[in-house]
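As structure tokens, the structure follows; a few thoughts come after it.
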Amino acid sequence: MFTSVTIKNFRLFEQLTINNLKRLNLFVGKNNAGKTAILESIFLLTSPKNIQLNLNINAFRGLIVSPANIEYIIQSLFKNMDTKKEIELTATLKNKITKTRKITIIPYQNTNITYQNPSLDTPIQTIKGLKSISKYDQQEIITYLITHENNFEIKTEGNTFNEEFHGIFLNAQTRNTPGLPQMFSKIIIEKKKKDIIEILKKIDPSIKDLEIGGDGIIYCDTGLPKLFPINLMGDGIVKLLSILTAMYNYKNGIVIIDEIENGLHYSSLKSLWSGINEASKKFNVQVFATTHSWECLEAFSKTLKNENDIKLYRIDKNEENFKIVEYENELINLSLQNNWELR
């Protein structure tokens, strides 16, 4: 579990440190306050060896990498698109071990890295790309993402190491999580389906069973003569199933959820947080989420009022300066009771 994260020269942030992270962490703030950027930095730290994540995170914002935009995509990772400054992301774990990811541009005029292009008989020199140095538990690995003639090549140097856990990023469209049937199939194969159904039944007691049809659709048994697609049930159930399935598949790891309230009626939010809370304990998952919704904040506080391992973080932005304000559960409740603005 991460206990703190420091972000340097990434996206909007010149430097930002978030301390005292808990099992459930909810981030709020105005538009363009950097909420999604914080989630992206945490996601990059869950798997610092995977250099392609530096580009793939843009898909969460609806931006697909292509040869036409690769240069812009790379530049957009850096504060003010200043690629002369190194990105540095650091997380401290509960056991005091740190994970660090440093990202720099491979300069065209200085590089001497070569790779074998499958279409050529001889190695050629790269023209641009990214270099990532990852450190974990006193071990280091250097990874290069090399771009040339519309191709992406990866070159690795140093020792490989096993990481303690991994993570998944669920964007605002969690209701249609890619790979959901495949992830749920793993739960069925491992005979753990009842763990998910038990949590869902607390929200909707009519749910008796879940099955995957030959068409790859998840079907629900509510006691009617026929099963029917889970997508026809309420948004709260479908979204919670997506999140719970991800939490099971990434147990002992991290689940990141951007705009967690998206697509949900406010009446579903207490059930959503109740299910997430129970699953995070059962599967030992640390959760990071963002919201714009007052109702979601209220549900977070009231549903989890007896939980100590949760925290709310408000991101305040003043021009180019950012500050993190921490709220323990007692202060969240007090703020809600007095209608103090938390978002």
Check your understanding: Considering segment 188-228 alone, what residues qualify as being touching a Gly at 6+ places or on another chain (Cβ under 8 Å), outside any loop (DSSP other than H, G, I, E, B) and free of Cβ contacts under 8 Å to residues at least 60 places away in the same chain?
Key -> Tyr219
Review point. Does Thr36 meet the test of being in contact with a strand residue (DSSP E or B) (Cβ under 6 Å, 6 or more places away or on another chain) and either over 29 Å from Glu261 (Cβ atoms) or of a type in the set (Ser, Thr, Tyr) (or both)?
Key: no
Check your understanding: So which residues in segment 1-44 are closer than 18 Å to Gln75 by Cβ, in contact with a helix residue (DSSP H, G or I) (Cβ under 7 Å, 6 or more places away or on another chain) and assigned to a loop (DSSP other than H, G, I, E, B)?
Key -> Arg11, Leu12
Review point. What are the residues in segment 62-80 that are in a helix (DSSP H, G or I) and at pLDDT 80 or above, if any?
Key: Tyr72, Ile73, Ile74, Gln75, Ser76, Lys79, Asn80
Study note, to complete from the structure: Of the residues in segment 260-279, those that are within 17 Å of the chain's Cα centre (by Cα) and surrounded by fewer than 20 Cβ atoms within 10 Å (Cβ to Cβ) come to Asn262
Practice item. Would you mind telling me which numbered condition in (1) closer than 27 Å to Gln139 by Cα; (2) in contact with a helix residue (DSSP H, G or I) (Cβ under 6 Å, 6 or more places away or on another chain) Met81 fails? Key: (1)
Study note, to complete from the structure: Within segment 199-230, residues being within 25 Å of Leu269 (Cβ to Cβ) and surrounded by fewer than 15 Cβ atoms within 10 Å (Cβ to Cβ) number 8
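The values are calculated or read from the model by the stated rules, or taken from the named source; none is laboratory data. Worth saying up front: this structure is predicted, and the values here are computed from it rather than measured. Don't worry about glycine lacking a Cβ; one is built from the backbone with ideal geometry, like all the others, and counts go over all protein chains shown.
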